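Peer 1: The structure is given below, and queries will be raised subsequently.
The values are calculated or read from the model by the stated rules, or taken from the named source; none is laboratory data. Here the structure is a predicted model, which is why all the values come from computation and not from measurement. Note that each Cβ is placed from the backbone with ideal geometry, even for glycine, and that neighbours are counted across all protein chains shown. With ligands, DNA and RNA removed, areas are computed over all heavy atoms of the protein, side chains included. Shrake-Rupley method; radii C 1.70, N 1.55, O 1.52, S 1.80 Å.
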Amino acid sequence: MEALNHTLFLWINASTPSAAALLLGRFLSNGLIYLFPLYLALSWLRADAAGREALLQAAVSAAIAMLLSWSIAQVWFHPRPFVIGLGHQYIPHAPTASFPSNHLSFAWAICAGLALHPVRRKAAGLLALAALPIAWARIYMGIHFPLDMAGALLTGLAAAAIGLPLRGSLIPSLRRCIEPAYRLVFAWPIRKGWMRA
């Protein structure tokens, strides 16, 4: 399996990239991930109660995914490609564990959490498609292996499954706690009708 992982990595990892390819790779690997929390925050402004519960489910799933990802790295440390001298590294990164990818665990947990709610399934699918170029770029730029991305997908799905029982208890309670503060902070735009109360 490790030989396949290395072969796939070398096939995707850039060898003589152009300046434009490196710029795109940097943006996709480190910048596009901000789309996911931005989506959650902006969607909250116009969402109804069901939509907000879906957004909170996604946020809880992402938090669980980060905990799972950290735990896996503590139990089984897998070095990054540049640590073992494989391929080319084009963006700086600490020599932390490569498996699973934190970026993709976070992204796919949000997608899986949203997919648990019918009102957000379309958004979950679109965000999952947006996660694919992030996965590709992190391999292309030399900081992850392909199996790190597969592990991240499983981590994201597991996180959403762990968070599923919270759907009927914790998630509605979180929404009821957050909404009064939200209404207080954004009282003026809510009165103007720019944001949902």
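Peer 1: Restricting attention to segment 3-16, report how many residues are open to solvent by less than 20 Å² (accessible area, probe 1.4 Å) and either within 18 Å of the chain's Cα centre (by Cα) or under 13 Å from Met141 (Cβ atoms) (or both).
Peer 2: Qualifying residue count for the region: 3.
Peer 1: Another question about this same structure. What's the number of the only condition in (1) touching a helix residue (DSSP H, G or I) at 6+ places or on another chain (Cβ under 6 Å); (2) of a type outside the set (Ser, Thr, Tyr); (3) modelled with pLDDT of 95 or more that Leu56 fails to meet?
Peer 2: Among (1) touching a helix residue (DSSP H, G or I) at 6+ places or on another chain (Cβ under 6 Å); (2) of a type outside the set (Ser, Thr, Tyr); (3) modelled with pLDDT of 95 or more, the lone unmet condition for Leu56 is (3).
Peer 1: Just to be sure before I move on: is Ala19 under 28 Å from Ile162 (Cβ atoms) and either out of contact with any Ser or Thr (no Cβ under 6 Å at 6 or more places or on another chain) or loosely packed, with under 12 Cβ neighbours inside 10 Å (or both) in the structure I sent?
Peer 2: Here the answer is no, as Ala19 does not meet what is asked.
Peer 1: Being touching a helix residue (DSSP H, G or I) at 6+ places or on another chain (Cβ under 9 Å) and either surrounded by 20 or more Cβ atoms within 10 Å (Cβ to Cβ) or modelled with pLDDT of 75 or more (or both) is the filter here; which residues of segment 155-174 pass it?
Peer 2: Listed by number, the residues that qualify are Thr155, Gly156, Leu157, Ala158, Ala159, Ala160, Ala161, Ile162, Gly163, Leu164, Leu166, Ile171.
Peer 1: Same structure, new question: Do we find a residue being out of contact with any Phe, Trp or Tyr (no Cβ under 7 Å at 6 or more places or on another chain), within 19 Å of Ile178 (Cβ to Cβ) and open to solvent by 40 Å² or more (accessible area, probe 1.4 Å) anywhere in segment 56-65?
Peer 2: Checking segment 56-65: at least one residue is out of contact with any Phe, Trp or Tyr (no Cβ under 7 Å at 6 or more places or on another chain), within 19 Å of Ile178 (Cβ to Cβ) and open to solvent by 40 Å² or more (accessible area, probe 1.4 Å).
Peer 1: In segment 137-154, which residues are in a helix (DSSP H, G or I) and in contact with a helix residue (DSSP H, G or I) (Cβ under 7 Å, 6 or more places away or on another chain)?
Peer 2: Ala137, Arg138, Ile139, Tyr140, Pro146, Leu147, Met149, Ala152, Leu153, listed by residue number.
Peer 1: For segment 88-128, give me each residue that is assigned to a helix (DSSP H, G or I) and small (Gly, Ala, Ser).
Peer 2: Ser105, Ala107, Ala109, Ala112, Gly113, Ala115, Ala123, Ala124, Gly125, Ala128
Peer 1: Looking at segment 20-53, which of its residues are at pLDDT 95 or above and hydroxyl-bearing (Ser, Thr, Tyr)?
Peer 2: Hits for segment 20-53 are Ser29, Tyr34, Tyr39.
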